[in-house]
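This is the structure I have questions about; it appears just below.
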Amino acid sequence: MICREISCKSALSMSGLPGLDYTLNPYMGCGHACIYCYAPSTLRYAGPDAWGSFVNVKADIPRVLEKEVRTKKRGVVGISTVTDPYQPVEEKYRLTRSCLKVLLAKDLPICVQTKSALVVRDIDLLREFKDKEVGFTVTTLDERMSGIMEPGASKPAARLDALKTLSDNGIATWAFVGPMVPGIIDKERLEELLARVQEAGASHVMLDRLRLKPGLWGRMEPILMEKAPDIAEACKRALFKNDGTFEALRSDAARICLELKLPCELNY
């Protein structure tokens, strides 16, 4: 993993995402190396290093943030939208923790999204915010498939344990189930996954299908063909032949959430 310290011109960016006024991304790039990551297309990344192979550490972002919050209008801060705030390098650099301290001093509302159990480290700060929530991305309960799809992230069981720990400490939690990847998620697996996140304390879930963002299949296909060719073929049928997989998953998700009485949002 290539790790570089850089400086940043700004810390908070205006957000176009529902429920968020600002975004805060302490890092550029991500050590979780998820093969389905949408960030490169969102950022229109065309750098020399393969996405997932590097992390640019915005070493001065706590100082820049401290200046910005003095004049910014109050709003909800999303941490983070194009990187994971609790990816492995956070254990060393602690930029997310430092930024949380700045935001807490102004008591700004926060929405954290991660797929890392490291977030539990900052439970002391998170509890102090009056308005806070933490969302966990959980794509599968299968450790082998998680290791292929998101090799640098916490194992699914560790995420669920972290979700429960936060919930038990009075922190609102939710789960993002996505992207739902054909061949990895089906009706039975989705039933188990949704039941598990509900048991762990998630107040609601958001679900989304695998989408063909620019360059995405070019990154996914070689890895899947090597390590899980059956999943690669299932993805091809759903993405390029419109075999009905996504429609079935949407219907199954809506029914399961209704049966569980688990509020859900289907981003289809």
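Values quoted throughout were computed directly from the atomic coordinates according to the rules given, and no laboratory measurement underlies them. Every value quoted in this text rests on a predicted model; they were computed, and no experiment measured them. Every residue, glycine as well, gets a Cβ built from its backbone with ideal geometry; the counts of neighbours run over all protein chains shown.
How long, wide and thick is region 165-268, going by the Cα atoms along their three principal axes, in whole angstroms, largest first?
Dimensions of region 165-268 along the principal axes of its Cα atoms: 42, 25, 23 Å.
Could you list LYS227, LYS115 in order of exposure, starting from the residue whose Cβ has the fewest other Cβ atoms within 10 Å?
Result, fewest neighbours first: LYS227, LYS115.
Loop only per DSSP, at most 14 neighbouring Cβ atoms within 10 Å: give me the GluC sites (Glu not before Pro) in region 127-164, ordered by residue number.
GLU128
Please find the FRET efficiency linking ASN242 to MET1, where r is the Cβ-Cβ separation and R0 is fixed at 45 Å, and quote it to the nearest 0.05.
Efficiency computed from Cβ-Cβ geometry: 0.75.
Now for a different question. Mean projection of the alpha-carbon convex hull of region 1-130 over all orientations, in nm²?
With the hull built on Cα positions only, its mean projection is 7.7 nm².
Then there is this: For GLU91 and ARG255 in one chain, what is 0.36 nm times their gap in residues minus the Cα-Cα distance, to one decimal in nm?
Additional length available on full extension: 55.1 nm.
Remind me, relative contact order of region 1-130 in percent, using alpha carbon pairs under 8 angstrom and six or more residues apart?
Here the relative contact order equals 30 percent.
Oh, and also: Return the subset of LYS213/LYS236; LYS9/LYS72; LYS67/LYS101; LYS9/LYS115; LYS73/LYS130 for which the Cα-Cα distance in this structure is over 25 Å, preserving the input order.
LYS9/LYS115
Principal axes first, then extents: for the Cα atoms of the chain, list largest minus smallest coordinate on each axis, whole Å, largest first.
For the chain, the Cα spread along each principal axis is 52, 45, 29 Å.
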